[in-house]
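Notes follow once the structure below has been shown.
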Amino acid sequence: MTEMASESKDCAEASRPGLVNAGQTIEDKSFNIIDAEMGPHEFQPDQWQIVRRIIHTTGDFDYARWVRFHPLSIDAAMKALRRGEKVITDTRMIHTGLSPWRLNWFGTRVITPATDSASQLWAEQLGTTRSVAAFRKYSEQLEGSILAIGNAPTALLEILRLVKEEGIRPAVVIGVPVGFVQAAESKDALWEHKEQPSITVLGRKGGSTVAVAILHALMELARPE
């Protein structure tokens, strides 16, 4: 395996402590508005932290109808973060969108297999997409990791194949690919696999920004005191 899958952040960005006071004030006000407009709901407090951040990111309350949580998903993700497990993503967008200071709380490495320089060759050899080929080649690294899929339904389907057929056990799968071809079907398949802790958004909606929102909310929940 080559060493080209992206997993680095700019050092200056990583040293930032978080939002400045003005930015934090705006975020807090936004969350208060979302709480007021959402009104009563049936989410558990930790689930609501995630749903609210998705709404904050997208401006779309409809996500509250379609987000789904495996009962072990949040706890599994928090434990994995605190153990320093990797976050493995399908796109550079997720990697780039993650706050360096939050990653620093846990010493989290982020890997995007499809950025490996050999992924194009692997895909051609296997007759499949780069995402599928890359996740297949990186399958051993998926064990115990946090997987975040925001763009490629084929990657999510390959992960499910690895879980079912090869016994790979990620800590949690955040499966929120967006689109019209296999996106809804891949998320249905993830939600129906009850042995794998997961967080998903049913239907066509989702995307890398939603995956980032979920990861940020999980990091805030797991944040060291």
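Values in this text are rule-based calculations from the coordinates and carry no lab data. As the structure is a prediction and not an experimental result, all values here were calculated from the model. Please note: Cβ atoms are built from the backbone with ideal geometry, for glycine as well, and neighbour counts cover all protein chains shown.
Couple of notes before you dig in:
- Residue among Asn151, Asn32, Asn104 with the largest mean-square fluctuation in a Gaussian network model of the chain, springs linking Cα atoms under 10 Å: Asn32
- Note on Asn104 and Asn21: the model spin-label points, each 7 Å out from Cα along the C-beta direction, lie 2.0 nm apart.
- Contact order relative to length of the chain, as percent, for alpha carbon pairs under 8 angstrom and 6 or more apart: 26
- For the chain, the C-alpha radius of gyration divided by 2.2 N^0.38 Å, with N the number of residues, is 0.98.
- 5 Å binning of all Cα-Cα separations within the range 86-192, expressed as whole percents from 0 upward: 2, 13, 23, 26, 20, 11, 4, 1
- Residues Lys29, Lys79, Lys86 arranged by fewest to most Cβ contacts within 10 Å: Lys29, Lys79, Lys86
- In the chain, lysine pairs with alpha-carbon atoms under 24 angstrom apart (chain gap of 8 or more, or interchain): 16
- Between helix 45-58 and the chain: long-axis angle, C-alpha atoms, 0 to 90°, nearest 10: 80
- Share, in percent, of DSSP beta bridges within the chain that are antiparallel, nearest 5: 25
- Less than 5 angstrom separates the built amide H of Gly144 from those of Arg169, Ala171, all sequence-distant by 5 or more or on a different chain.
- GNM flexibility winner over the chain from Val20, Val176, Val210 (Cα, springs under 10 Å): Val20
- For the range 205-221, 3J(HN,Hα) computed residue by residue from phi via the Karplus equation (6.51, -1.76, 1.60; θ = phi - 60°) reads 6, x, x, 4, 5, 5, 4, 5, 4, 5, 4, 4, 5, 4, 5, 5, 5 Hz, glycine and proline entered as x.
- Cβ crowding within 10 Å, taken as a proxy for footprinting-reagent exposure, orders Ser198, Ser30 from fewest neighbours to most as Ser30, Ser198.
- Between the Cα long axis of helix 183-192 and the first principal axis of the chain there is an angle of about 80°, rounded to the nearest 10.
- Centroid-to-centroid separation of the range 63-81 and the range 180-202 [C-alpha atoms, Å]: 13
- Counting beta carbons within 10 Å around each of Phe43, Phe180 and listing the fewest first gives the order Phe180, Phe43.
- Using R0 = 25 Å, the C-beta based FRET efficiency linking Phe61 and Glu185 works out to 0.50.
- Choice from Pro153, Pro177, Pro100 showing the highest fluctuation, given a GNM over the chain with Cα pairs closer than 10 Å: Pro100
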